[in-house]
Amino acid sequence: MLHRFTERQVCELRFRARRSGREVVLPVMYAQHDGTVVILVGRSDRKRWWRTFTRPRRVEVSLNGTACEGTGRVVRPGTPTRAVAARIYGSRFPHVRVGDDPMVVIDLDPAP
């Protein structure tokens, strides 16, 4: 039961680091609306992985055991895209303060 609950809140990202080219695999909490996945990068000053997405970058996302591909990018406060991303994340996690932390938005490719 706990596994199913966690699986609905956590997805797995798989991508290549921008400098080293090494494969990075990590679990992250996410919110999803239609073909968009939103990840809030809390305590971003202590993390580096999200900087890979300062320019649009391909990423694989495992959602509920299904691998999906898409393009991820960082969105920062003050942009229309950020406002939409914050609403998506806030609807899934109303208790989490979004603040000024960066968000990674992934636009999933349409299913074949």
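Identify the residue in the range 83-108 that is in contact with a helix residue (DSSP H, G or I) (Cβ under 6 Å, 6 or more places away or on another chain) and not in a strand (DSSP E or B) and, among all such residues, is surrounded by the most Cβ atoms within 10 Å (Cβ to Cβ). Let's see the steps before the verdict.
Pass one, the range 83-108, residues in contact with a helix residue (DSSP H, G or I) (Cβ under 6 Å, 6 or more places away or on another chain): 98, 101-105.
Among the residues that remain, those that are also not in a strand (DSSP E or B) are: 98, 101-102.
Numbers: Val98: 17, Asp101: 17, Pro102: 19.
Selected residue: Pro102.
Answer yes or no: is there a residue in the range 43-52 that is within 17 Å of Arg8 (Cα to Cα) and under 12 Å from the mean Cα position of the chain (by Cα). I'd like the intermediate steps shown before the answer.
Applying the first criterion (within 17 Å of Arg8 (Cα to Cα)) to the range 43-52 yields none.
No, the range 43-52 contains no residue that is within 17 Å of Arg8 (Cα to Cα) and under 12 Å from the mean Cα position of the chain (by Cα).
Identify the residue in the range 53-97 that is without any contact (Cβ under 8 Å) to a residue 40 or more places away in the chain and of a type in the set (S, T, N, Q) and, among all such residues, is farthest from Cys11 (Cα to Cα).
Thr79
Of the residues Arg57, Arg73, only one is at pLDDT 95 or above, within 12 Å of Met103 (Cα to Cα), surrounded by 12 or more Cβ atoms within 10 Å (Cβ to Cβ) and of a type in the set (D, E, K, R); which?
Values: Arg57 fails: within 12 Å of Met103 (Cα to Cα).
Exactly one of Arg57, Arg73 is at pLDDT 95 or above, within 12 Å of Met103 (Cα to Cα), surrounded by 12 or more Cβ atoms within 10 Å (Cβ to Cβ) and of a type in the set (D, E, K, R), namely Arg73.
Kindly evaluate Arg43 against the criterion of being surrounded by fewer than 16 Cβ atoms within 10 Å (Cβ to Cβ) and basic (Lys, Arg).
Values: surrounded by fewer than 16 Cβ atoms within 10 Å (Cβ to Cβ): yes; basic (Lys, Arg): yes.
Judged against the criteria, Arg43 is a match.
The values are calculated or read from the model by the stated rules, or taken from the named source; none is laboratory data. These numbers were taken from a predicted model, which means no experiment stands behind them. Here Cβ is always computed from backbone atoms with ideal geometry, including for glycine, and neighbour counts include all displayed protein chains.
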